[in-house]
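Colleague: Next up is a structure, given as structure tokens.
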Amino acid sequence: MAALRRCLADHGLGVSSLNSVGYFTHPDRVSVDRGNLMLIEAAAELDADVLCVICGGLGVPPMPLEQGHALVRDGFDALARRAEQEGVRLGVEPIHPMDIGTKGCVNSVAQARALIDGYPSAGLILDFYHSWWDPDMTAIIRDFPDDVVLVQLCNIRMDTGVPVGRETLAAGDIDVGAHLHAVLEAGYRGIFELEIFAKDIPGRDPLKIVAGFPADISATMPAEKDI
């Protein structure tokens, strides 16, 4: 980890987010807790702006929703206290409802905001892939601006109305410009990340996608909006 930190410093880079801890509903709590502690230590050593929290799904077959939420609340309480001791800020990421079984049972931005309430070391990560549909996304930014620590950008490929993958901002099936405009109008002035996974861009050059990121943003936004 020390070598990685030196490499980042040598190239003038920082860590805007580290992914991911949480998974509070997983049956193997010992392994998950061990991994969570390792990532908290890594986030502290790398001076990451935020450590992403994925709360965990209901499983297959699904446990009762109330049970899942109770496990998340208890697990997050312990995690947040440990993160605060290490000087690490957590960012809870609400997950699209289609992944409620496998990935996250905290699905709306309002649910995530309620989870972090009272924890000064925690904030929200809003990922367009997971939260573009949520009418409360911009309201939370407007009403609780200090709670939103990161916004992750991508477009989305749909198949019969269901998200099936991430896309560059200039492609995909949602109006990224409208959502980005709404986020800025709500008052967000923090960090943006472009989040696209290798499986989403088979055969394409990642360096070209990253190089085209600023132009993709400009192409989606009204001319008077400069970010």
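Colleague: How many percent of DSSP beta bridges within the chain run antiparallel, rounded to 5?
Modeller: Approximately 20 percent, going by the DSSP bridge assignments.
Colleague: What is the distance in Å between the Cα centroid of the range 179-216 and that of the range 95-174?
Modeller: 14
Colleague: Within the chain, which whole H helices from DSSP have a Cα span along their axis of at least 15 Å and a mean Kyte-Doolittle hydropathy of -1.0 or more, if any?
Modeller: 29-46, 65-85
Colleague: Now, a different point. Which of the peptides 210-216, 32-38 is most tightly packed, and how do the rest follow, going by the mean number of other Cβ atoms within 10 Å of each residue?
Modeller: 32-38, 210-216
Colleague: Relative to the present Cα-Cα distance, how much length would full extension add between Ala114 and Leu65 at 0.36 nm per residue of separation?
Modeller: So the extension gain works out to 16.0 nm.
Colleague: Can you give me the Kirkwood hydrodynamic radius for the chain, using every pair of distinct Cα atoms, in Å to one decimal?
Modeller: Hydrodynamic radius (Kirkwood, Cα pairs) of the chain is 18.4 Å.
Colleague: What ranking do 147-158, 180-191 get when scored by the average of other Cβ atoms within 10 Å per residue, highest first?
Modeller: Ranking the peptides 147-158, 180-191 by packing returns 147-158, 180-191.
Colleague: If I stretch the segment between Asp74 and Ala215 completely, what's the gain in nm (0.36 nm per residue apart, minus their alpha carbon distance), one decimal?
Modeller: Here the segment from Asp74 to Ala215 would lengthen by 46.4 nm.
Colleague: Oh, and also: Please work out how much length the chain gains when fully extended from Ala171 to Leu4, using 0.36 nm per residue of separation minus the C-alpha to C-alpha distance, in nm with one decimal.
Modeller: Going from the current span to full extension adds 56.8 nm.
Colleague: Going by the alpha-carbon gyration tensor, a ≥ b ≥ c the square roots of its eigenvalues, is the range 28-129 rounded (a/c under 1.5) or, if a/c is not under 1.5, prolate (a/b greater than b/c) versus oblate?
Modeller: Prolate, because a/c is 1.5 or more and a/b exceeds b/c.
Laboratory data are not the source of any read-out in this text; all were calculated from the coordinates shown. These numbers were taken from a predicted model, which means no experiment stands behind them. When we count neighbours, we look across all protein chains shown, and the Cβ atoms used for this are built from the backbone with ideal geometry, even at glycine.
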